[in-house]
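Structure, as structure tokens:
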Amino acid sequence: MARHHLAVLFACLVSQTLAKYDWHAPPPAGTNDAPIPVGPDGKYTIVSEGIRAQFIPYGASITNLFINDTHNVERDIVLGFDNATAYTLDTSHPHLGGVPGRYANRIKNSTFTIDGVTSKVIPNENNGADTLHGGPDGWDYRNFTVVKHTRSTITFKIDDPDGKEGFPGAVTSYIHYGLSPYRWHFYMNATATKVTPVMLSSHTYWNLDGFQNPSTNLALNHSLLLPFSGQRVDVDGILIPTGNIIPNKIGSVNDFWTKSKQLGADLTKKEAQGNCGTGCTGYDTCYLVNREQFGPNYFAPLTDGGAWWEGDPVATVRSDFSGIQLDIFSDQDAFQVYSCNGQNSTMPLKKTQGFFGANATFPRVVPQYGCFVMEVEDWIDGINNPEWGRDAKQIIGPKTLPYELEAIYSFSIANKKQ
């Protein structure tokens, strides 16, 4: 009987993922909704008005995202490789565009306890002190199955076996990506055969100039606003949560909530030293999303029946050079901001980015601070901090609701030339 109920639940999830989250009306009569053929580079393409994106099954990763900017130039604004094979050859790649799982971010001591049972997962960071992004063979290092591909949507599936990387229970997860005019939507869900932690995200690296700003190849000139993030998770020198939730004081390095400021605005301050771990200057920070906090950017809570996508964005990033503005809407209660402190000019740019030949103002590599990451997710390592009350968001099993994550990345262009 239990197996029957589980099978029914999985079938419902498939139906939900393929139907409810297609995010586009049926095409008008005569419109071709057939998928664009997979290219020789192994990439799957989806398109909508003003936006084009490419993905690969490896990690269910986004590899390219093209937006037509204020100069009427199509910019590829996410990091990646030129072909699908390169992802499997460079095993040190920094989780480029993939879905980290089954548990994103860090697990302290590579252990957690649920219902009195302690599990030990495989450590892969800081000499065994923690597990990052699900372990050495996390989801973003594995091939997903393509379940459905249309002109504007693609759905991936992964079956994660019981015991993989030390996690209890088999997990089935669907990752759905869809495009609508100037918007990238994604929906992720998961079910499990045993009680287990699940927390997913999208580990996309951004540069809204596509490395084609002749004045700089850094992303430090991008402006960031986090209107509901007056708090963050406190971490130690190796970025493991201490259990404390601390304020982002007005005017401090971590104050992006009282007003918009450039990512690099405060990096020369002494306070920025160690802000992303011992010996690190920059950001690798879990900001909490409190939509009802009072502050300069407070807005009235949604009325009954309101939804997360109807309020203000939880984050806004803008480049004055390209005119591209990214507004992020999410049902999650936190996100990790990373300012690419660890990039070291060893990763090449894609052929769709940067300058060539005599126009090559900068080397064709990703420099330190050349990008940023915005990982929508729940409170990091919540499974080891029960006082936070995150179990309902991060622990699933055969008798619980499925894990779910939704987000919309909405783009607008300032002063676009005709």
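Read the figures in this text as sums done on the coordinates, not as results from a lab. In this text the structure is predicted, and so the values were computed from the model without any measurement.
Laid out as a table, the results:
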item: Solvent-free Debye scattering, log10 I(q)/I(0), computed from the Cα coordinates of segment 2-413 at q = 0.09, 0.14 Å⁻¹; result: -0.52, -1.39
item: Compactness index (Cα Rg / 2.2 N^0.38 Å), segment 210-296; result: 1.15
item: CD proxy at 222 nm, helix term only [per DSSP H run n ≥ 4: -39500 (n - 2.57); per residue of the chain; nearest 500]; result: -1500 deg cm²/dmol
item: 24 Å Cα-Cα threshold exceeded, pairs from Lys108/Lys269; Lys164/Lys393; Lys249/Lys270; Lys43/Lys108; result: Lys108/Lys269; Lys43/Lys108
item: Rounded, prolate or oblate (a/c below 1.5 giving rounded, otherwise prolate when a/b exceeds b/c) for segment 317-418 by Cα gyration tensor; result: prolate
item: Computed P(r) (all Cα pairs; segment 70-165; 5 Å bins; percent); result: 2, 10, 17, 18, 18, 13, 9, 6, 3, 2, 1, 0
